[in-house]
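Chemist: Quick one: this structure, given as structure tokens, is what I'll be asking you about.
The values are calculated or read from the model by the stated rules, or taken from the named source; none is laboratory data. Keep in mind it's a predicted model, so treat the numbers as computed, not measured. Here the Cβ positions follow ideal geometry from the backbone for every residue, glycine too, while neighbour counts run over all protein chains shown.
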Amino acid sequence: MRKTEIAVIGGGPAGLMAALAAAEMGAEVTLVDKNNNLGGQLVKQTHMFFGSEKEHASTRGIDIGKLLAKEAQNHSKIKIMNNSEVIGYYPDDGVIGIEVEEEKFVKLKADKIIIATGASEKFLPFVNNDLPGIYGAGAVQTLMNEHGVVPGNDVLMVGAGNIGLIVSYQLMQAGVNVKAIIDAAPKIGGYLVHASKVARLGVPILTSYSVKAAYPNQITKALERASIWKVDQNWQPIPGTEKVLKVDVLCISVGLSPLAELLWQAGCNMKYVPQLGGHVPTRTNDLETSVTGIYVAGDVAGVEEASSAMIEGRLAGLNAAKSLGYDNGTYEEKHQEALNQLHDLRSGPVGEKIREGISQLVS
Amino acid sequence: MLLQNGIPTTEDLETRIPPKERLAKGPVVMIECFQEIPCNPCNTACKQGAIQEFKDINDKPEIDYDNCTGCGLCVSKCPGLAIFIIDETYSDKEATVSLPYEFLPLPKEGQEVDLLDRGGNKVSQGKVVKIRNGKYEDRTPVITVAVPKELSMVVRNIRVGGDGK
Amino acid sequence: MRIEQHPILTFEKKKEVEFTFDGKKMKGYEGEPIASALHANGVMVLSYSKNSHRARGFYCAIGNCSSCLMTVNGEPNVRVCTEKLREGMVVETQRDRGDLK
């Protein structure tokens with residue numbers, strides 16, 4: 001069995017920052033990630049990030065991912081296990097079970113654990129929603145921006161939140177036509193600057209519209225058309241308002257839900273908080289869950305933005321290290337700075353939902 | 001209708017259009033940022049003290065138009081691609097609009113392109129006057145196009161290879 | 001269906017390898033996910049659901065959702081959205097639950 005002081009599970013923005021912060025305080029860290037490359041979903045974010053300089057604003061997500069990954073790789077206190085998928089946590093023994101390279105089973109015991117496993121894309125019920133050609137918006141982003149393959153020719157984007165708007169823009173950048181972006185809500189959920197960006201390209205954004213059905217090509221069995229219809233203020237579809245779009249790709253971008261399996265296994269106190277995307281753990285202000293020694297950061301702690309995920313990671317890393325007695329004299333200052341940054345990012349009108357959600361969880 | 005389709009209305013724009021007197025003096029910034037979001041790189045990018053420091057990172061940018069030189073260093077740094085430079089003194093009949101353009105193919109200087117409004121509709125044709133696409137712009141090239149003067153507040157995108165070629 | 005030119009990204013050319021899909025020879029890049037190689041070859045239907053026999057493609061592309069299970073080199077239930085393509089791989093449409101060997 002391997003041993004480490006702090007195990008960080010997930011090498012996305014939150015996990016990378018957690019590992020770096022803990023190592024910088026002097027703790028010995030093992031960072032476990034199922035992918036070959038570190039960076040999590042940053043590896044496909046070709047757009048510039050918001051926030052301030054401290055959160056790498058104006059830098060593209062892909063470049064932030066590379067920067068943090070390199071820093072972690074070069075840090076002598078951080079041991080990286082990539083191509084390593086955590087497949088279970090055994091709370092009685094405090095052992096993390098890891099499948100390495102799909103061959104070896106490795107047991108890892110850590111004094112403290114930071115869970116930063118991220119989130120997965122939600123699905124949407126409608127007729128024929130399982131047709132090939134219907135993808136999560138993030139999946140299309142992976143296919144295009146990571147692997148260089150376009151999903152098809154004509155796209156219907158369902159969901160006008162930030163992911164739906166950003167992926168629409170990126171589809172257009174890859175030369176794919178986005179026929180429309182629809183959202184059942186009466187107003188655009190994502191940042192309006194993202195909406196204006198796609199509007200300028202001539203992509204219509206239709207609010208108060210939802211998908212009625214998808215239709216396959218009889219020969220290929222893959223998506224060929226989709227129908228949409230207007231919904232009223234009670235989210236009920238209005239018959240007679242149907243429009244049919246000829247599309248071979250339909251992207252679903254209706255939110256993410258936290259990948260919280262390990263938290264459940266660990267016996268963390270979980271609560272359903274719709275503002276944060278689903279079941280999330282109760283935690284202290286310092287991101288420790290109800291199970292002593294288990295911390296959370298990033299989307300698994302509540303679906304938000306990558307910039308706040310990075311700071312949450314930093315906060316969790318600092319605190320996990322501190323709890324083991326590591327403090328190089330800068331803890332107080334860095335800890336306060338991270339709390340201030342999180343406060344600033346969430347204090348505006350677009351942070352209202354997040355504030356409401358977190359207030360239900362912090363003890 | 002900004003909240004419904006992403007296209008700002010005349011009323012939305014009124015709050016963001018630089019003063020007439022300032023427009024008459026030469027190139028000046030116009031930031032089409034209508035929502036309080038946590039973001040401040042425009043302030044960080046401005047070396048002229050024109051885009052004011054944010055008290056709260058969620059504030060919308062405030063501009064001291066007298067300090068703005070229209071240098072355009074903020075254009076490629078806005079993550080929302082919401083910053084434009086307008087020069088209404090370019091010629092008798094034409095103004096220029098400098099805009100961020102992250103698409104291929106890039107036009108060439110002197111090339112005639114389609115001029116699009118905020119809804120992506122073609123409103124005219126115009127010549128590309130200048131392209132800035134260096135290390136600083138970092139894959140967000142800034143394209144300056146000549147537009148009929150009356151369209152200086154209308155044109156916000158271009159299309160390469162349309163009727164205008 | 002591969003992106004040749006992109007305003008932000010440059011894709012490094014990887015080694016081309018051959019594989020088969022339901023007996024048909026195809027080409028892809030070594031180390032890319034099998035699903036992306038299939039997609040680049042125009043293959044969108046990866047499997048059929050075991051009860052209603054409905055066509056399935058991938059959904060999440062990052063190994064979370066299990067919509068993309070195929071038989072690879074005789075082994076069923078392989079998530080082809082994350083499984084890396086290798087020279088000579090035998091990839092087959094999966095139509096049932098598959099048997100463990």
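Chemist: Picking from A:Lys112, A:Lys70, which residue would you name as being of a type in the set (Lys, Arg), in contact with a strand residue (DSSP E or B) (Cβ under 6 Å, 6 or more places away or on another chain) and outside any loop (DSSP other than H, G, I, E, B)?
Modeler: Of the residues listed, the single one that is of a type in the set (Lys, Arg), in contact with a strand residue (DSSP E or B) (Cβ under 6 Å, 6 or more places away or on another chain) and outside any loop (DSSP other than H, G, I, E, B) is A:Lys112.
Chemist: While we're looking at this one, here's another question. Being under 10 Å from B:Ile143 (Cβ atoms) and in a loop (DSSP other than H, G, I, E, B) is the filter here, so list the residues in the range B:86-101 that pass it.
Modeler: Listed by number, the list holds a single entry, B:Tyr101.
Chemist: Let me ask something else about it. Restricting to the range B:102-143, give me the number of residues that are closer than 13 Å to B:Arg159 by Cβ and assigned to a strand (DSSP E or B).
Modeler: Qualifying residue count, the range B:102-143: 12.
Chemist: Here's something else I'd like to know. If C:Arg95 satisfies every condition in (1) charged (D, E, K, R); (2) on the phi < 0 side of the Ramachandran plot; (3) out of contact with any Phe, Trp or Tyr (no Cβ under 6 Å at 6 or more places or on another chain) but one, which is the exception?
Modeler: Result: C:Arg95 fails condition (3) only.
Chemist: Could you list all residues from the range A:139-163 that are surrounded by fewer than 24 Cβ atoms within 10 Å (Cβ to Cβ), small (Gly, Ala, Ser) and touching a residue at least 24 places away in the same chain (Cβ under 8 Å)?
Modeler: Those that are surrounded by fewer than 24 Cβ atoms within 10 Å (Cβ to Cβ), small (Gly, Ala, Ser) and touching a residue at least 24 places away in the same chain (Cβ under 8 Å): A:Gly152, A:Gly161.
Chemist: Follow-up question, since we're still on this one. How many residues are buried (at least 22 other Cβ atoms within 10 Å of the Cβ) and either more than 25 Å from A:Glu352 (Cα to Cα) or hydroxyl-bearing (Ser, Thr, Tyr) (or both) if we restrict to the range A:170-197?
Modeler: 6
Chemist: Hey, another quick one. Among the residues of the range A:129-143, how many are within 9 Å of another protein chain (Cβ to nearest Cβ) and part of a loop (DSSP other than H, G, I, E, B)?
Modeler: Residues in the range A:129-143 being within 9 Å of another protein chain (Cβ to nearest Cβ) and part of a loop (DSSP other than H, G, I, E, B): 4 in total.
Chemist: Sticking with this structure for a sec: Mind listing whichever residues of the range A:293-307 are part of a helix (DSSP H, G or I) and closer than 14 Å to A:Gly277 by Cα?
Modeler: Residues satisfying the conditions are A:Gly298, A:Asp299, A:Val300, A:Ala301.
Here's the yes/no breakdown for (1) more than 10 Å from chain A (Cβ to nearest Cβ); (2) closer than 19 Å to A:Val149 by Cα:
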residue: C:Lys15; (1), (2): yes, yes
residue: C:Ala35; (1), (2): no, yes
residue: C:Leu38; (1), (2): no, yes
residue: C:Asn51; (1), (2): yes, no
residue: C:Ile62; (1), (2): no, yes
residue: C:Thr71; (1), (2): yes, no
residue: C:Val90; (1), (2): yes, no
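Chemist: I need the strands (runs of 3 or more DSSP E) fully contained in the range A:205-290, keeping only those with at least 3 residues that are of a type outside the set (A, V, I, L, M, F, W, C) and not assigned by TED's automatic domain parsing to the domain that holds A:Ala184.
Modeler: It comes to A:278-281.
Chemist: Anything in the range B:1-55 that is touching a Phe, Trp or Tyr at 6+ places or on another chain (Cβ under 7 Å), within 10 Å of another protein chain (Cβ to nearest Cβ), not aliphatic (A, V, I, L, M) and not in a loop (DSSP other than H, G, I, E, B)? List them, or say none.
Modeler: B:Asp12, B:Cys39, B:Asn43 - these are the residues of the range B:1-55 that are touching a Phe, Trp or Tyr at 6+ places or on another chain (Cβ under 7 Å), within 10 Å of another protein chain (Cβ to nearest Cβ), not aliphatic (A, V, I, L, M) and not in a loop (DSSP other than H, G, I, E, B).
Chemist: Is it true that B:Lys55 is free of Cβ contacts under 8 Å to residues at least 24 places away in the same chain and either under 25 Å from A:Gly202 (Cα atoms) or of a type in the set (Lys, Arg) (or both)?
Modeler: yes
Chemist: Separate question: Name the residues in the range A:168-193 that are facing another protein chain (nearest Cβ under 7 Å) and touching a residue at least 12 places away in the same chain (Cβ under 8 Å), would you?
Modeler: A:Gln173, A:Ala174, A:Lys187, A:Ile188, A:Tyr191
Each row is one residue, and each column tells you yes or no for (1) within 23 Å of A:Glu146 (Cβ to Cβ); (2) among the basic types (Lys, Arg).
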site	(1), (2)
C:Phe58	yes, no
C:Cys68	yes, no
C:Arg97	no, yes
C:Leu100	no, no
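Chemist: Of the residues A:Lys77, A:Lys70, which single one is more than 30 Å from A:Pro274 (Cβ to Cβ) and in contact with an Asp or Glu (Cβ under 6 Å, 6 or more places away or on another chain)?
Modeler: Just a single option satisfies the conditions, and that option is A:Lys77.
Chemist: If you take the residues of the range A:160-179 that are touching a strand residue (DSSP E or B) at 6+ places or on another chain (Cβ under 6 Å) and of a type in the set (Gly, Ala, Ser), which of them is nearest to C:Ser67 (Cα to Cα)?
Modeler: By that ranking, first place goes to A:Gly164.
So that you can scan it fast, the table gives a plain yes or no per residue for (1) farther than 15 Å from A:Lys197 by Cβ; (2) of a type in the set (A, V, I, L, M); (3) at pLDDT 95 or above:
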site	(1), (2), (3)
B:Pro100	no, no, yes
B:Pro107	yes, no, yes
B:Leu116	no, yes, yes
B:Gly126	yes, no, yes
B:Gly134	yes, no, yes
B:Glu137	yes, no, yes
B:Ala146	yes, yes, yes
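Chemist: Kindly indicate which of A:Gly293, A:Gly325, A:Gly348, A:Gly329 is of a type outside the set (Val, Ile, Thr) and within 14 Å of another protein chain (Cβ to nearest Cβ).
Modeler: Residue meeting the stated conditions: A:Gly348.
Chemist: Which of (1) small (Gly, Ala, Ser); (2) touching a Lys or Arg at 6+ places or on another chain (Cβ under 9 Å); (3) without any contact (Cβ under 8 Å) to a residue 12 or more places away in the chain does A:Ala320 not meet, given it meets every other one?
Modeler: All conditions are met except number (3).
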